[in-house]
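Enquirer: Dropping the structure in here first, questions after.
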There are 2 protein chains.
Amino acid sequence: MRRRTTPDAGRRSEASRHAILTAAFELAGEVGYAKLSVEGIAARAGVGKQTIYRWWPSKGAVLLDAFLHLSEGDGGESDGGESDGGESDGGGGMALPDTGDLEADLKLVLRATVDEFADPRYDRPLRALTIEITNDPALAARYAERLDGPMKEAKKARLRAAQEAGQLPAGLDLDVAVDLIWGPLLSRWLRRSGPLTHAYADAVVETALRGLYAR
Amino acid sequence: MRRRTTPDAGRRSEASRHAILTAAFELAGEVGYAKLSVEGIAARAGVGKQTIYRWWPSKGAVLLDAFLHLSEGDGGESDGGESDGGESDGGGGMALPDTGDLEADLKLVLRATVDEFADPRYDRPLRALTIEITNDPALAARYAERLDGPMKEAKKARLRAAQEAGQLPAGLDLDVAVDLIWGPLLSRWLRRSGPLTHAYADAVVETALRGLYAR
DNA sequence: AGCAAGAGACGAGACGGTCCGTCTTTGCCT
DNA sequence: AGGCAAAGACGGACCGTCTCGTCTCTTGCT
C-alpha cells in the first residue's frame, strides 16, 4: 500500500521553489491565465512536473505563493509594491502612508494601485490569481489569510488612525469603509467598465469620504 | 482554397440554440466554471459540437448569450431578476424601483442582488461569466454593451431622477456614484472577504450616500 | 403544379493536439 | 538506504477541426 507521504520540507530545494514561483509569475504575465499551464511553468523553471505537484495542490496555489514570494520579498528587499490585490505585507505588517491628511494619503495609494493595474506585467498575473480565487474557495481562504487580510488590516489601521484623530466618526464600520474605497477600483479594473485613471482614483476617494449627498 | 463561410442565420435551428443556452447556464450552475466544457454543453443539449462552434467563438460567448437569453426573456416573461452582474434588461430598458425614497430603493435593489449571490444556481454561472470576461477583453466589450451597459444606465437613471428631485447634487459624477454603490458588493462577492448579507447591503447604501466623514 | 438537384444546417463522432495529474526511471545528495 | 529532483511515459479529458450521412428548405427545370 502506498503511503500518501507528507513531503519532507527539510530536503526541499530552495532553488527549485524560487524558480517555480518566478516562472509562474512571469508566465502568467506573458501568456495570461488561459494559456498558463503547469507543464509550461515546469519547463520554464527547468523543473520536473512532479516537483510542482509534490509541493502545491493546484496551479492557483502556485500563483498565490508567487505573489506571496514577491510581497514577502523572500530573501529580497521591500520595494514598495502596492495594489488592491493585496500585495505588500510580510506578516509583520505593511503600513499605508500617514501624513495626517487622510484624503491625500488615500489618493496616493489608490493612484499607485491604478498604476499597477495599468502595467501588464502585474495586471495579467493579478487577473490570473483573481480568477483562481473566484472559483476555488479554499484558495480564497488562503488568499484572505495571507495576502488580502494583512493588506485589509493595513487599510483599516490607516482609517482607525483617522478615527482617533477625530477625522472620521467613531461609529464607522471599517470593513464597509474599506470596501467602499477599494471596491470601485476592483470593479473598474475587472470589468474594464471605464477608464482607470488617477482622476478616477481621486474622484472615488473624494466621493467616498463625503458621500453622494454632499454638495 | 476553403471559404471561411459565414453561416446562414436564416437556416439556424432555434431549438438547438435554446437547448445550448439552457444547457450552458444549467451546467455552469451544476459543475462550476472549472469543469464547464463545450463537449459537456453539447452532450447535455443533445447537439453536435460543431453546432456550437458554428455560432459562437468561445465557451464564454455561449455563457454570455445564455445570460442574455435569460434576461431578454427569449419567449419568456420578465420575472424581476436583478444583480450586479447586470441581469434584467431587454434593450428596451429595465428600470430600478423609484418610490421617491432613494435610500430605500437602493437598499431594496442591493438586497435582491445579495440574495441572488447567495443562490448557487445564479452564483456559479455568474462567477463563470465573470471569469470569462476577466480574461477576454472582446467578451468584456460585448458584455459591457449588452448586459452591464444597459443595467448601468438603469442605475444612473435612478440616480439622475434623485438629482432632479434635488436629493443628490447636480455635479455628482454618476459613473463614480454607481461604482461606489455596487463596487463594494462585487468585491465581497468575488473575494468572499466577508459575509454578504442584507445588513451589509444596507450599510453600503447608507455609507455611500452619507460618506465616511458623516457622523 | 410537380419533382429533381443543390445548398447548408444538423447530430454524431473520429481525429491530432495539448494539458492534466500520476507513475516510473534514473541520478544525486545526504 | 532514503528521499528529493529532472525527465518524461502514460491514460484520460477536452480542445477545435473535419468528415460523415441525414434532414429541410430553396431553386430551377419540366
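The values are calculated or read from the model by the stated rules, or taken from the named source; none is laboratory data. Since the model is a prediction, treat every value here as computed from it, not as a measurement. For neighbour counting, all protein chains shown are included, and Cβ atoms are generated from backbone atoms with ideal geometry for every residue, glycine included. We work out accessible area using only protein heavy atoms, side chains counted, and drop any ligands, DNA or RNA first. Shrake-Rupley method; radii C 1.70, N 1.55, O 1.52, S 1.80 Å.
Enquirer: Using the Cβ atoms and a cut-off under 12 Å, what net charge is assigned to the surroundings of B:Ala28, where Lys and Arg are +1 and Asp and Glu are -1?
Expert: Result for the local shell: +2.
Enquirer: What does the charge dipole of the range A:97-215 about its Cα centre add up to, to the nearest 20 debye, if the Cβ of each Lys and Arg holds +1 and the Cβ of each Asp and Glu holds -1?
Expert: With Lys and Arg at +1 and Asp and Glu at -1, about 320 debye.
Enquirer: Still on this structure, I have one more. What total accessible surface area, summed over both chains, is buried at the interface between chains B and A, computed with a 1.4 Å probe and given in Å² to the nearest 100?
Expert: 4200 Å²
Enquirer: Let me ask something else about it. For the range B:31-42, what does the Karplus curve 6.51 cos²θ - 1.76 cosθ + 1.60, with θ = phi - 60°, yield as ³J(HN,Hα) per residue in whole Hz, taken in order and with x for Gly and Pro?
Expert: Karplus-based 3J(HN,Hα) across the range B:31-42 equals 10, x, 4, 4, 9, 7, 10, 4, 4, x, 5, 4 Hz.
Enquirer: Here's a follow-up. Over chain B, what is the relative contact order in whole percent, taking alpha-carbon pairs under 8 Å and six or more residues apart?
Expert: RCO, chain B: 21 percent.
Enquirer: Measuring label to label, 7 Å along Cα→Cβ, what does B:Thr6 give against each other copy in nm, shortest first?
Expert: 6.3
Enquirer: Let me ask another. Angle check, please: helix B:59-71 long axis (alpha carbons) against the longest principal axis of chain B (alpha carbons), in degrees 0 to 90, nearest 10.
Expert: Tilt relative to chain B: about 60 degrees.
Enquirer: With every protein chain present, what is the per residue accessible area of the range A:97-215 (1.4 Å probe, Å²)?
Expert: 37 Å²
Enquirer: First compute the accessible area of the range A:12-71 with a 1.4 Å probe, then give the percent of it belonging to carbon and sulfur atoms.
Expert: In the range A:12-71, the share of accessible area belonging to carbon and sulfur is 52 percent.
Enquirer: Note down the magnitude of the dipole of the protein assembly as shown about its Cα centre, charges +1 on Lys and Arg C-beta and -1 on Asp and Glu C-beta and zero elsewhere, to the nearest 20 debye.
Expert: Here the protein assembly as shown has a charge dipole of around 1920 debye.
Enquirer: Note the distances from A:Gln50 to each other copy's matching label point, with points 7 Å along the Cα-to-beta-carbon direction, in nm, sorted shortest first.
Expert: Counterpart label points of A:Gln50 in the remaining copies fall at 4.4 nm.
Enquirer: Quick one: putting +1 on the C-beta of Lys and Arg, -1 on the C-beta of Asp and Glu, what dipole do you get for chain B around its Cα centre, in Debye to the nearest 20?
Expert: 1120 debye
Enquirer: Next up: Could you work out the relative contact order of the range A:12-62? I mean the mean sequence separation of Cα pairs under 8 Å and 6+ apart, divided by the number of residues, in percent.
Expert: In percent, rounded to a whole number, it is 39.
Enquirer: Which angle from 0 to 90°, rounded to the nearest 10, does the C-alpha axis of helix B:120-134 make with the longest principal axis of chain B?
Expert: Taking the Cα atoms of chain B, the angle to B:120-134 is about 80 degrees.
Enquirer: Would you work out which of A:Ala118, B:Leu129, B:Pro150 lies farthest towards the positive end of the dipole of the protein assembly as shown? Charges go on Cβ: Lys and Arg +1, Asp and Glu -1.
Expert: Highest projection toward the positive end goes to B:Leu129.
Enquirer: Something else about it: With only alpha-carbon atoms in the gyration tensor, what are the semi-axes of the equivalent ellipsoid for the range B:93-215, in Å, largest first?
Expert: 25, 18, 13
Enquirer: Show me, for the range A:184-191, the HN-Hα J-couplings you get by feeding each phi into the Karplus relation (A = 6.51, B = -1.76, C = 1.60, θ = phi - 60°), rounded to Hz, glycine and proline as x.
Expert: Calculated HN-Hα couplings, in order: x, 4, 4, 4, 5, 5, 5, 8 Hz.
Enquirer: Can you give me the % of accessible surface on the range B:93-215 that is carbon or sulfur? Probe 1.4 Å, all protein chains present, nothing else counted.
Expert: Roughly 53 percent, rounded to a whole number.
Enquirer: Given springs between every Cα pair under 10 Å in a Gaussian network model of chain A, which of A:Ser193, A:Ser58, A:Ser16 has the largest fluctuation?
Expert: A:Ser193
Enquirer: Given a 1.4 Å probe, how much area per residue of the range B:6-66 is accessible, in Å²?
Expert: Dividing the accessible area of the range B:6-66 by its residue count gives 50 Å².
Enquirer: Further question: Just give me a number: lysine pairs in the protein assembly as shown, eight or more positions apart or cross-chain, with C-alpha atoms less than 18 Å apart.
Expert: 15
Enquirer: By what distance, in whole Å, do the Cα atoms of the range A:12-71 stretch along each of the three principal axes, largest value first?
Expert: 28, 25, 19
Enquirer: Also: Tell me, how many Å apart are the Cα centres for the range A:1-50 and for the range B:154-189?
Expert: Cα centroid of the range A:1-50 versus Cα centroid of the range B:154-189: 45 Å apart.
Enquirer: Under 10 Å, Cα contacts only: if you run a Gaussian network model on chain A, which one of A:Thr99, A:Thr197, A:Thr51 comes out with the highest mean-square fluctuation?
Expert: Its mean-square fluctuation being the largest, the pick is A:Thr99.
Enquirer: Please give the helix B:102-118 orientation as an angle from the longest Cα principal axis of chain B, in degrees from 0 to 90, rounded to the nearest 10.
Expert: 40 degrees
Enquirer: Turning to a different aspect of this structure: Note down the net charge around B:Ser37, summing +1 for each Lys or Arg and -1 for each Asp or Glu among other residues with Cβ under 11 Å from its Cβ.
Expert: +3
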